[in-house]
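Undergrad: Structure in structure tokens, see below.
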Amino acid sequence: MKLLVTGGAGFLGSHLCERLLGDGHDVLCVDNFFTGDKRNIAHLVGNPYFELQRHDVTFPLYVEVEQIYNLACPASPVHYQFDPVQTTKTSVHGAINMLGLAKRLKARILQASTSEVYGDPEVHPQTEDYWGRVNPIGIRSCYDEGKRCAETLFFDYHRQHGVDIKVMRIFNTYGPRMHPNDGRVVSNFIVQALRGEDISIYGSGQQTRSFCYVDDLIEGFVRMMNSEAGFTGPVNMGNPVEFTMLELAEKVLSLTGSKSGIIHKPLPNDDPRQRQPDITIARERLGWTPKVSLEDGLVETIAYFRRTLAG
Ligand code: NAD
Ligand code: UDP
Ligand code: UDP
């Protein structure tokens, strides 16, 4: 099949392109390189079934494909807050254009949504029927509300125009090719530990997250895209094992053998206190469950950052 991956030069997108090529598909990767990096896909260029197009999804795109994975959007707070207006445009105008494309082609389209649609949740663990608690005017809103509006557009194109949609809500995912400066906690802690700098914990470090290794998530993407007709989601995808940021720091220190200390910095505004996916639907409808433990995933990720920092 001929497939489109928007945001294909990013962290998740590059792993997805690689997987889809490996499965024998013809892959068109579209990216404006805002946070993506050509090095993430350099090893795919030259493969006759891989095509790269520099393009911003806030502008219309006329191509011919059979399935669309819509991942284009900066994902880390540092990057999505750099130009918040562009972040909202990417989610909203990007969704309209990709849904318009899907409608014209009668192609199936999958949206990479996020656990951020739940905001700072009062329901724990989060289930898909929870509507969330999101601040509409805060510094995270460009991302959270943009992604919520994108979900609205997906469901309205489905109801109004019969577009074949799949919506997946991704919880914190990590692994090789994370951007070293994107400020996300796993990359920050590993880079700090490898450089012998203090590990920066925001707030007390008692806030929690659940971390999914990238390979598990990519399997989830493929299963969701190829799930039975009419199963739209939204479906949560993430690893339900929950850790505090202090526990994460200790794991990174022990796995890197680093002598770094720990310092506390102020907690950013609207930082969710806890997050854990309920993945019952993904298990039952897709037979999907994450397999890689935090420890095993961190070992791979640390090895990647060791190579990157050395080079
Ligand atoms: P990333 O920043 O590495 O990748 C995003 C990619 O989109 C980059 O290559 C970037 O250049 C591209 N992009 C941004 N704006 C664009 C535009 N206007 N037009 C074309 N391309 C554009 O982030 P990621 O972690 O790989 O995230 C990929 C998707 O998954 C995002 O939609 C993100 O919201 C979602 N997601 C990721 C996580 C996670 O933990 N990594 C969690 C929830 C949701
Ligand atoms: N669009 C696109 N590629 C296509 C078809 C549509 O980028 O192959 C864009 C188009 O620019 C439009 C948007 O998708 O603004 C929404 O398309 P839709 O058909 O829903 O809306 P309309 O064209 O009626 O405004
Ligand atoms: N965090 C931290 N130190 C860092 C970076 C992040 O303690 O150097 C915390 C952050 O405040 C949040 C958690 O780690 O509570 C996860 O942050 P990240 O930006 O990775 O993801 P998100 O907040 O979007 O889940």
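The values are calculated or read from the model by the stated rules, or taken from the named source; none is laboratory data. Everything numeric here is computed off the predicted structure, so don't read it as measured data. Positions of Cβ are backbone-derived with ideal geometry, glycine not excepted, and every protein chain shown enters the neighbour counts. Quick note on the areas: whole protein, heavy atoms, side chains included, nothing else; ligands and nucleic acids left out. Shrake-Rupley method; radii C 1.70, N 1.55, O 1.52, S 1.80 Å.
Undergrad: About its Cα centre, how strong a charge dipole does the chain have in debye, to the nearest 20, once Lys and Arg get +1 and Asp and Glu get -1 at the Cβ? Write down the numbers at each step before the final one.
TA: Numbers: 32 positive and 37 negative charges, 80 e Å.
For the chain, the charge dipole is close to 380 debye.
Undergrad: So what does Asp270 come to for accessible area, using a 1.4 Å probe and Å² rounded to 10?
TA: We get 70 Å² for Asp270.
Undergrad: Report, to the nearest whole %, how much of the accessible area of the range 1-117 belongs to carbon and sulfur atoms, 1.4 Å probe, protein only. Let's see the in-between values first.
TA: Values: 2610 of 4830 Å².
Ligands and nucleic acids excluded, carbon and sulfur reach 54 percent.
Undergrad: In units of 2.2 N^0.38 Å, what is the alpha-carbon radius of gyration of the chain? Spell out each step's value before the answer.
TA: Values: Rg = 18.6 Å, N = 311, 2.2 N^0.38 = 19.5 Å.
Normalised Rg, Cα atoms only: 0.96.
Undergrad: Same structure again: Taking the solvent-accessible surface of protein heavy atoms with a 1.4 Å probe, what is the per residue accessible area of the chain in Å²? Kindly include the intermediate steps, with their values, before the conclusion.
TA: Details: 13420 Å² over 311 residues.
Result: 43 Å² per residue.
Undergrad: Ignoring everything but the protein chains, give the 1.4 Å probe accessible area of Arg184 in square angstrom, nearest 10.
TA: 60 Å²
Undergrad: At q = 0.15, 0.18, 0.19 Å⁻¹, work out log10 I(q)/I(0) for the range 77-167 with the Debye formula, treating every Cα as an identical point scatterer and leaving solvent out; two decimals please.
TA: Calculated log10 I(q)/I(0) at the listed q: -0.60, -0.81, -0.88.
Undergrad: Further question on the same structure: Whenever you get a sec, line up Leu16, Leu194 from highest to lowest accessible area (probe 1.4 Å, protein heavy atoms).
TA: On the way: Leu16 0, Leu194 45 Å².
Largest accessible area first, the list is Leu194, Leu16.
Undergrad: Please report how far the C-alpha centroid of the range 277-311 lies from that of the range 225-262, rounded to the nearest whole angstrom.
TA: 7 Å
Undergrad: Need the full-extension length gain, Arg273 to Val123, defined as separation in residues times 0.36 nm minus the C-alpha distance. One decimal, nm. Please report the intermediate quantities before stating the final value.
TA: On the way: separation 150, 0.36 × 150 = 54.00 nm, distance 1.17 nm.
Gain on extension, Arg273 to Val123, equals 52.8 nm.
Undergrad: While we're looking at this one, here's another question. Could you please state, rounded to a whole Å, how far the C-alpha centre of the range 109-151 is from the C-alpha centre of the range 45-102?
TA: Measuring centre to centre over Cα atoms gives 19 Å.
Undergrad: If the limit is 28 Å between Cα atoms, which of Lys2/Lys166; Lys89/Lys265; Lys103/Lys291 go over it?
TA: Working: Lys2/Lys166 18 Å; Lys89/Lys265 31 Å; Lys103/Lys291 35 Å.
Lys89/Lys265; Lys103/Lys291, as the Cα separations exceed 28 Å there.
Undergrad: What is the local net charge at Gln192, summed over the other residues whose Cβ is closer than 14 Å to its Cβ (Lys, Arg +1; Asp, Glu -1)? Walk me through the numbers on the way to the answer.
TA: Details: positive: Arg184, Arg195, Lys251, Lys259, Lys265, Arg306; negative: Asp182, Glu197, Asp198, Glu250.
So the environment of Gln192 carries a net charge of +2.
Undergrad: By average Cβ neighbour count within 10 Å, what is the ranking of 90-96, 162-168, 196-202 from highest down?
TA: Details: 90-96: 23.3, 162-168: 21.0, 196-202: 16.7.
By packing density, highest mean first, the sequence is 90-96, 162-168, 196-202.
Undergrad: What is the sum of charges around Leu4, taking Lys and Arg as +1, Asp and Glu as -1, for the other residues whose C-beta is under 12 Å from the C-beta of Leu4? Intermediate results must be reported in sequence, preceding the final value.
TA: Values: positive: Lys2, Arg108; negative: Asp26, Asp31, Glu51, Glu64, Glu66.
Counting the neighbours of Leu4, the net charge comes to -3.
Undergrad: Name all residues of the range 1-17 having a backbone nitrogen under 16 Å from the label point set 7 Å from the Cα of Glu64 along its Cα→Cβ direction, giving them as ranges.
TA: Hits in the range 1-17 for Glu64 at 16 Å: 1-4.
Undergrad: If I stretch the segment between Val78 and Arg307 completely, what's the gain in nm (0.36 nm per residue apart, minus their alpha carbon distance), one decimal?
TA: Difference between extended and current length: 80.1 nm.
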